[in-house]
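Trainee: Here it is, the structure, as structure tokens.
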Amino acid sequence: MTNTIVTGGRVLTLDPGVPEAEALVLADGRVLAAGPTDEMTSLAGPGAQRIDAEGGTVMPGLVDTHPHVMHFGTLAGGLVDLTDAVDHADIVERIRARAATTPPGEWIMCTPVGEPHYFIRRSEQDLLERRLPDRWTLDRATEAHPVMIQAWAPKMPNVVAFNSAGLRAVGLTAFIPDRVCDVDLEKDESGDLTGILRGPVTNYYTYDPFWGQILMKLPPPNLENAAAGTLAEMARFSAQGVTTVYEGHAMEPEHIALYRHLRASDALTLRVMATFDVESVIFYPFDPLTLDEFTERLGHFAGEAMNLDDDMLRINGMTMSPGGPCFSGYFATYQPHLNPFGRQTRGVRFLSTEKEEAFVRFCAEHGIRANMCMGAFREHDEFLDIAERVAREHDFRDRNWVLQHAITITPAQVRRYADLGFQVTTSAGFAWGKGKMYGERMGEQVWRDLEPLKRLVDAGLELGGGTDWGPKNPWEQIELAQTHRFAGCDHRNDGPDQVLTRAEALSMWTTGAAKVIGWSDVGSLAPGNQADVLIVDRDPLRCDIDDLADTKVLRTMLGGHTVYDSGDLSSPADEATAVAR
């Protein structure tokens, strides 16, 4: 197989042995070496293919340790995309175009308007009309199809819109009260429904009984749309420079089955490591398993919980998510805080401590990597008490167990996780997207323990970064790990326990992330590692912090093969020129 040499830019390997180089040689999908141009040219040999970085930076592909590629791809698959709609006429035209190819009577489902998933920088309020279209406006697009403009978590309260056929399809009429449970049904002056509903009307992390009954009447995603949406989402990640992802949260058997289908079809453009979620609590309806059913499910998943032989799709461990997010009022706290509707709450526990202990013991006894998805003080303490008790009987310090989220966490809790040998995945975007809300609902005192990235690193915990709910730009996430700025206000939560150095922030997306997920040959351009290579238009270690989020990926290579090309490099990705003999 022909070798490839990359020259013409600074090579940032993130390999301590050779941290910087002038050129990089790839062979058989792996990194052969990095070093001076003349030495690498000789090593590559006559006839090697040349890639000219044209002054860009060559670096390892990014590792996103909490992306929800499949979930968000499936949510959007087959929907009318309104994220960038500008006004009601634009929305009507897009829905009308879909109606022309959709059999009468079938649902036409639409994305929300704005930037998923927080909808802070752009939402329906940025339409020309500053609001979603009502049912009469949507009827201009089609009267032969039920239409819904969705609301996606995590924003709550939220807003959705139906056309007239959509209202009929879910059984809503003017006879219904103006408010049912926490859902407000907008009516005009004559008492007619406008098609606008507000409140806990999101598509997940909502358990409002009234809205839940409406959710049950909506069409579920089909396999074809789910696969297409996942492929589209993978392409977006490739364009941002992500080459490996860790799907460690809310992965049910059907989700992993779809990844296996894509792998069998040779359709994966990202390396994927996934875990089985032993009892998902995200989607309505949530009917908790009995302890016996839960224990049986652990045994069922155990046989499939580790498969590390494939270079593209790996399974490693099981996940438990006992609690929920703060935006919907589910954050488990000691002191009462306000839910989205102004009522005091101390949050909820979706899964019992009895199940939690059964999970921890099972993983410890069977050598399975446990992933705990938690973000609240009370959740941490309850879990740590269990984990320390089990650890006295079954040492799991070297088993690479993972704490996911860690949105708020005290110094004492950090030390306890470090003593247990945990790794951590989290998102600087949690503080960006929810920091203002935490201050309003829980009190500004919570900010001192919000996303304390430096505290985690200083305690010796390996740290991986993820995009999760957003921003979905990993370069902005790297910036946020340093600035800790909040969306929607001017506050920066940049205390000494929060702010990382540039190198530490980049590590969260490369070497550190690879260590967290236990994928040893990704995250750096060390010899023998996978040839997952980026060419970007600036140096992410040295560029101005204000410019980092605008980093442009010029080319993304996975195993030495191009999976994304911006077209900005002078030689096309499939026409590399031969090195002069």
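Trainee: Contour minus end-to-end for Glu444 and Arg10, with contour as 0.36 nm per residue of separation and end-to-end as the Cα-Cα distance? Mind showing how you got there, number by number?
Mentor: Working: separation 434, 0.36 × 434 = 156.24 nm, distance 4.30 nm.
Result: 151.9 nm gained on full extension.
Trainee: Using a cut-off of 14 Å between beta-carbons, work out the net charge of the residues near Arg198 (Lys and Arg +1, Asp and Glu -1, Arg198 not included). Kindly include the intermediate steps, with their values, before the conclusion.
Mentor: Values: positive: Arg131, Lys155, Arg179, Lys187; negative: Glu124, Asp134, Asp178, Asp182, Asp184, Glu186, Asp208.
Net local charge, Arg198 excluded: -3.
Trainee: Taking the simple approach of a point 7 Å from Cα along Cα-to-Cβ for both His261 and Glu304, what is their distance in nm?
Mentor: 1.3
Trainee: Moving on. Which of the lysines could a cross-linker bridge to Lys454, judged by Cα under 23 Å and excluding same-chain residues fewer than eight apart?
Mentor: Filter leaves Lys434, Lys436, Lys472, Lys515.
Trainee: Under 37 °C and 0.692 mPa s, how fast does the range 435-547 diffuse according to Stokes-Einstein, given a Kirkwood radius computed over C-alpha pairs? Answer in µm²/s, whole number.
Mentor: 214
Trainee: With +1 on the Cβ of every Lys and Arg and -1 on the Cβ of every Asp and Glu, and nothing else charged, how large is the dipole of the range 78-215 about its Cα centre, in debye rounded to the nearest 20? Kindly include the intermediate steps, with their values, before the conclusion.
Mentor: On the way: 14 positive and 21 negative charges, 48 e Å.
Here the size comes out at about 240 debye.
Trainee: Return the loop-located chymotrypsin sites (Phe, Trp or Tyr not before Pro) in the range 172-262 (DSSP other than H, G, I, E, B) with at most 11 other Cβ atoms within 10 Å of their own Cβ; answer none if there are none. Spell out each step's value before the answer.
Mentor: Details: sites: Phe175, Tyr204, Tyr205, Tyr207, Phe210, Trp211, Phe237, Tyr246, Tyr259; in loops: Phe175, Tyr204, Tyr205, Tyr207.
Filter output for the range 172-262: Phe175.
Trainee: Next up: Report the trypsin sites (Lys or Arg not before Pro) located in the range 72-131 that are in a DSSP loop and have at most 10 other Cβ atoms inside 10 Å of their Cβ, or state none. Intermediate values should be presented prior to the final figure.
Mentor: Working: sites: Arg94, Arg96, Arg98, Arg121, Arg122, Arg130, Arg131; in loops: Arg121, Arg122, Arg130, Arg131.
Hits after loop and neighbour filter: Arg130.
Trainee: Determine the distance separating the Cα centre of the range 208-247 from the Cα centre of the range 318-393; give it in Å without decimals.
Mentor: Each part's Cα centre sits 25 Å from the other's.
Trainee: Write down the radius of gyration of the range 78-215 and its Dmax, each obtained from C-alpha positions, in Å.
Mentor: Radius of gyration, then largest Cα-Cα span, for the range 78-215: 13.9, 37 Å.
Trainee: So if I restrict to the alpha-carbon atoms in the range 226-316, what is the Rg, and what is Dmax, the biggest pairwise distance, in Å?
Mentor: So, for the range 226-316, Rg and Dmax equal 14.5, 45 Å respectively.
Trainee: Please give the residues of the range 528-547, grouped as numeric ranges, whose backbone N is less than 12 Å from a label point set 7 Å along the Cα-to-Cβ vector of Leu43.
Mentor: Answer for the range 528-547: 528-529.
Trainee: Please turn the phi angles of the range 27-33 into ³J(HN,Hα) values with the Karplus equation 6.51 cos²θ - 1.76 cosθ + 1.60 (θ = phi - 60°), one per residue in order, whole Hz, x for glycine and proline.
Mentor: 8, 6, x, 10, 7, 8, 5
Trainee: Could you tell me, in Å, what Rg and Dmax come out for the Cα atoms of the range 1-142?
Mentor: Spelled out, the Cα radius of gyration and Dmax of the range 1-142 are 24.8, 70 Å.
Trainee: Using +1 at the Cβ of each Lys and Arg and -1 at the Cβ of each Asp and Glu in the chain, identify which of Gly166, Pro471, Ala232 lies farthest towards the dipole's positive end.
Mentor: Toward the positive end, the furthest listed residue is Gly166.
Trainee: Name the residues whose placed amide hydrogens come within less than 5 Å of the amide hydrogen of Lys187, ignoring near sequence neighbours (fewer than 5 apart) on the same chain.
Mentor: Thr194
Trainee: Continuing with the same structure: Give the calculated FRET efficiency between Val170 and Phe341 to the nearest 0.05, with a Förster radius of 22 Å applied to their Cβ-Cβ distance. Each step should come with its number before you reach the end.
Mentor: Details: r = 22 Å, r/R0 = 0.99.
The pair Val170/Phe341 has a calculated efficiency of 0.50.
Trainee: Which parts of the range 450-491 would a label at Arg415 reach, counting a residue when its backbone N lies under 20 Å from a point 7 Å out along Cα-to-Cβ?
Mentor: 450-462
Trainee: What order do you get for Met320, Met156, Met442 when you list them from fewest to most C-beta neighbours inside 10 Å?
Mentor: Values: Met320 26, Met156 23, Met442 20.
Ordered by Cβ neighbours within 10 Å, fewest first: Met442, Met156, Met320.
Trainee: Using each residue's phi in the range 478-494, evaluate 6.51 cos²θ - 1.76 cosθ + 1.60 at θ = phi - 60° and report the 3J(HN,Hα) Karplus result to the nearest Hz, with x for Gly and Pro.
Mentor: 5, 5, 5, 5, 9, 8, 6, 6, 9, 7, x, 7, 8, 6, 10, 8, 9
Trainee: Sum up the charges of everything whose Cβ sits under 14 Å from the Cβ of Ala531, counting Lys and Arg as +1 and Asp and Glu as -1, but leave Ala531 out.
Mentor: Within the 14 Å Cβ shell, the charges total -2.
Trainee: What is the distance, in nm, between label points placed 7 Å from the Cα along the Cα-to-Cβ direction at Ser566 and at Glu293?
Mentor: Distance between the two pseudo-spin positions: 5.0 nm.
Trainee: Can you check what the net charge comes to around Ile5, using other residues whose Cβ is under 12 Å from the Cβ of Ile5 (Lys, Arg +1; Asp, Glu -1)? Display every interim value, and only then the final one.
Mentor: Working: positive: Arg50; negative: Glu22, Asp38, Glu39, Asp52.
Here the charged neighbours net out to -3.
FYI, it's all coordinate maths here, none of it is from the lab. Bear in mind the structure is a predicted one, so any value in this text is a computation, not a measurement. Cβ coordinates were reconstructed from backbone atoms using ideal geometry, including for glycine residues, and neighbour counts include every protein chain displayed.
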